[in-house]
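Please treat every number below as a calculation from the coordinates, not as lab data. Keep in mind it's a predicted model, so treat the numbers as computed, not measured. All Cβ positions, glycine included, derive from the backbone under ideal geometry; neighbour counts span all protein chains shown.
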Amino acid sequence: MRVTILTYGSRGDFQPFLALAVGLQQAGHIPLLAGPARFAELAAQFQVPFASLAGDPAEISVRFNDAGSNPFKMVRSIRDYVYAIAPLVTRDARAALVGADFVIHSFLFTTGGHSFAREMGIPDLSVQTFPMFAPTRDFPNVALSWLPVGSLSYFSHWLATQIFWYGGNSGQRKFTRNQPDDFPSKLFWPFTETKDRPLTPLVIACSPTVLPCPAEWDAEKIQVPGYFFQNDTGYQPPVRLKHFLDAGNPPVCISFGSMLNRDAARVQKVMVEGLCEAGLRGILLTGWEDRVVMDEFPESILSMKDAPHEWLLRRCQAVVHHGGAGTTAAGLRAGIPNIVVPFAGDQPFWGRRVQALGAGPRPIPIKQLTKPALVAALRQAENAEIIKKAAQVGEHIRAENGVEAALRIVEQTADRFNSFQRSKHRSEEFL
């Protein structure tokens with residue numbers, strides 16, 4: 001099958017879909033991965049065909065951080081940027097879909113990707129890196145992680161879906177009127193059953209060890225196959241990283257990935273001073289921002305732009321991160337304690353999951369981050385019980401194969417869709 005994957009967001013959002021594209025290729029399919037242009041080189045490293053989508057997800061990251069934990073402000077600020085680039089992204093997405101037999105779409109393409117698939121008469125699959133559009137009483141929606149479990153949790157999922165649908169699609173008429181050849185003539189919701197098309201399955205690309213399936217979820221409609229990882233990146237560390245790792249005890253990795261924060265100077269200062277006070281070595285990954293605000297680092301701290309988490313973290317004793325879905329997955333897989341410092345969005349949710357699993361201390365919201373709070377968390381992360389729990393979680397995750405399970409879902413979805421189409425065709429002939 002020719003499979004087009006539509007995804008947009010940070011590297012943590014993009015990388016699981018790159019792993020899935022590699023898996024599709026190895027299974028004999030022909031993937032085309034459509035994502036932000038800044039990831040073209042990364043896709044090329046794995047020889048995955050790539051189609052660039054307009055815009056820069058770094059702008060979304062800035063707005064995401066500025067919105068904080070306010071879900072309404074978050075949707076509004078991201079919506080404003082999405083509206084600005086929507087005509088260009090939609091044009092690029094439609095071009096990437098030419099000749100496709102199957103569409104896989106991520107969060108920001110939930111309605112657009114599905115509507116394109118309907119228009120083209122081909123099957124589709126929704127893949128999310130966090131639990132959305134899947135109501136349950138077991139936990140609240142990721143944007144409202146502070147709500148208690150139970151009826152309010154269930155309501156929060158309904159509310160988030162309404163905000164996504166009405167907030168995200170309110171400009172459709174304007175776009176369709178101005179660019180009728182690029183935009184779908186009508187938007188459809190993928191998770192509503194209709195007579196003319198089977199339901200689009202929802203895959204939550206997460207480990208069932210981290211997010212067990214609630215009883216309310218129908219296994220045929222919502223599946224949690226495991227994280228999507230790339231096992232062999234062929235990474236060769238730079239000499240200074242290798243020398244630093246060889247020079248002493250395993251360090252603590254500090255990684256805030258794509259989080260572009262106005263308060264970066266304070267955050268870096270707290271991290272460096274906290275590690276020094278705790279007597280620990282550290283590797284500071286500056287990520288997208290790649291901005292070092294300190295004049296000089298102590299010998300016990302190495303600063304560098306990035307390094308693959310799957311390679312680096314298993315050589316560290318703990319990791320401090322923002323709680324993005326991708327970084328949380330990598331941190332838990334490494335089997336080391338995770339200290340989560342959430343900024344916004346789904347990050348507080350993952351911080352709470354880490355704590356609930358016993359794989360790390362209580363998360364520290366970015367606005368509450370101080371040197372004493374960090375030092376206390378670092379010392380908690382040295383607790384034997386947390387170390388043991390983190391190792392157990394890592395062992396379970398490493399035994400899973402989310403990509404392999406997702407490939408089966410893709411093929412089953414295509415078979416089910418084709419059977420439905422044949423049955424429908426026979427019925428129409430009979431009538």
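Key figures
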| quantity | calculated |
| --- | --- |
| Span-rule helices in the chain, defined as complete DSSP H runs reaching 30 Å or more along the axis (Cα) with Kyte mean at least -1.0 | 71-96, 402-430 |
| Cα centre as origin, Lys/Arg/Asp/Glu Cβ charges: segment 239-399 dipole, Debye | 380 debye |
| Fewest-first ranking of Tyr227, Tyr83, using other Cβ atoms within 10 Å as the exposure measure | Tyr83, Tyr227 |
| Read-out mean projected area of the Cα convex hull in nm², derived from the coordinates shown; its label in (i) 20.9; (ii) 42.0; (iii) 23.0 | (i) |
| Estimated distance in nm for a label pair at Tyr166 and Glu382, the labels positioned 7 Å out from Cα along Cα-to-Cβ | 5.3 nm |
| Virtual spin-label span in nm between Ile30 and Arg314, 7 Å along Cα→Cβ | 3.5 nm |
| Listed residues Ala265, His322, Leu285: farthest to the positive end of the dipole of segment 239-399 (Cβ charges) | His322 |
| Estimated 222 nm signal from helices in the chain, with DSSP H stretches of n ≥ 4 weighted -39500 (n - 2.57), rounded to 500 | -14000 deg cm²/dmol |
| Charge dipole magnitude, Cβ of K and R +1, D and E -1 - the chain, Cα centre, debye nearest 20 | 640 debye |
| Selection of GluC sites (Glu not before Pro), segment 265-370, meeting DSSP coil and at most 16 other Cβ within 10 Å | Glu296, Glu299 |
| Percent antiparallel among DSSP beta bridges (both partners in the chain, rounded to 5) | 5 percent |
| Residue order, fewest to most beta carbons within 10 Å, for His105, His157, His396 | His396, His157, His105 |
| Cα gyration tensor category, rounded, prolate or oblate, for segment 239-399 with a/c compared to 1.5 | rounded |
| Förster-model FRET efficiency, 45 Å R0, Gln421 and Ala356, C-beta, rounded to 0.05 | 0.55 |
| Residue (of Pro57, Leu144, Ala34) at the positive-pole extreme of the chain, dipole from beta-carbon charges | Leu144 |
| Computed label-point distance, nm, for sites Glu41 and Trp189 using a 7 Å Cα→Cβ extension | 4.3 nm |
| Per-residue Cβ neighbour rank within 10 angstrom, fewest leading, Ser10, Ser106 | Ser106, Ser10 |
| Gain on full stretching of the segment that runs from Glu296 to Asp138 - 0.36 nm per residue minus C-alpha separation | 52.2 nm |
| Total lysine pairs whose alpha carbons fall under 26 Å of each other in the chain (8 or more apart, or interchain) | 18 |
